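The numbers here are math on the coordinates, done by the rules we state, and not lab data. Predicted model, so just to flag it, every value in this text is computed and none were measured. Reconstructed Cβ throughout: ideal geometry from the backbone, glycine too, with neighbour counts over all protein chains shown.
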Amino acid sequence: MPELPEVETVVRGLQGILPGRRIAELRPGKINVVKDPAKLADHLPGSLLIAVRRHGKFLYIELEPLARENSRFHLLIHLGMTGQLTVAAANEPIAPHTHAFFMLDDGRELRYRDARRFGRVMIVLESQRAEMLGKLGVDPLEASAEQFREQVADRRARIKALLMDQHVFRGMGNIYTDESLWRARIHPARLGANLNAAEIARLRKAVVHVLEEAIRLRGSSVSDYVDAEGQRGEFQFRHRVYQREGKNCSRCGAKIRRVIVAGRSSYFCPRCQRAPRGKKKARRVS
């Protein structure tokens with residue numbers, strides 16, 4: 001699933017293309033991906049694209065309607081597990097599983113493709129966007145040291161689950177959680193309440209470093225993800241633990257292991273990331 005760095009990469013790519021353009025026409029596809037296509041068809045044609053922004057794993061496009069007396073609204077998009085949002089010339093071949101076409105006034109198209117169709121495309125008023133996204137947690141790239149500590153300290157949940165809980169930290173997922181925990185030398189099954197101040201500070205630094213590096217390298221293309229121009233990311237070549245079970249840790253040489261933590265596969269180094277003592281251990285996957 002595209003996580004914060006992938007969505008941020010797409011947003012930055014689209015921000016350099018879309019603002020100032022108008023949507024000339026909309027051709028929606030699968031109804032279970034495009035929510036209320038009739039509403040989109042009524043509101044989008046003629047609207048001016050103002051800006052492209054990210055909120056956690058969501059991206060939204062600010063739109064100004066053609067009839068200026070109407071309220072400003074947003075095109076809200078979640079890429080799900082396999083969603084892609086790219087800009088292409090109208091005459092370029094159409095990839096399978098492309099479910100929505102937003103034709104622009106310069107002859108290009110903004111295309112939404114989603115093989116597994118877990119993503120969502122919808123139109124919302126500005127006030128509705130704030131209501132829908134306001135329940136999500138803090139952005140790990142924006143959280144101060146104190147805000148980050150407050151989200152972790154005294155919580156009786158495993159740190160892997162806390163980092164991936166979108167109501168705690170919006171945007172984190174399996175890849176960047178495992179990579180951050182490895183860099184911070186913290187086992188994924190540790191409880192947030194059992195981390196000391198130095199460990200929490202080290203974890204925050206690792207999270208920020210991993211996310212910023214991944215954004216610089218345009219995300220991780222381990223499955224379907226591509227950026228706004230259809231190009232693959234490169235951070236997958238910098239992974240130190242994610243999907244590296246059985247390979248040597250680049251820091252100490254121990255074999256990377258995989259266990260189930262909070263219902264998700266978790267990759268870690270058993271030497272660099274010591275398991276918590278005195279508690280039930282996470283289930284190891286054979």
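General remarks:
- Between helix 4-15 and the chain: long-axis angle, C-alpha atoms, 0 to 90°, nearest 10: 30 degrees
- Centre-to-centre separation between the Cα atoms of the stretch 126-157 and those of the stretch 210-246: 24 Å.
- Remark: THR177, THR82 ranked as THR82, THR177, counting other beta-carbon atoms within 10 Å and listing the fewest first.
- Each of VAL168, VAL121 has some number of other Cβ atoms within 10 Å of its Cβ, and from fewest to most they run VAL168, VAL121.
- Förster-model FRET efficiency, 25 Å R0, ASP42 and PHE118, C-beta, rounded to 0.05: 0.45
- The magnitude of the dipole of the stretch 114-234, with charges of +1 and -1 set on the Cβ of Lys/Arg and Asp/Glu and taken from the Cα centre, is near 480 debye.
- Subset of LYS35/LYS160; LYS57/LYS255; LYS160/LYS247 violating a 23 Å alpha-carbon distance limit: LYS35/LYS160; LYS57/LYS255
- Residue order for THR9, THR86, fewest other beta carbons within 10 angstrom first, comes to THR86, THR9.
- Size of electric dipole in the chain: Cβ of Lys, Arg +1 and of Asp, Glu -1, about Cα centre, debye, nearest 20: 2280 debye
- Taking Lys and Arg as +1 and Asp and Glu as -1, the other residues whose beta-carbon sits under 13 Å from that of GLN151 total -2.
- The shape of the stretch 4-133 can be summarised by an equivalent ellipsoid whose semi-axes, obtained from the alpha carbon gyration tensor, come to 19, 17, 15 Å from longest to shortest.
- Stokes-Einstein diffusion coefficient of the stretch 182-280, Kirkwood radius over Cα pairs, 37 °C, 0.692 mPa s, in µm²/s: 221 µm²/s
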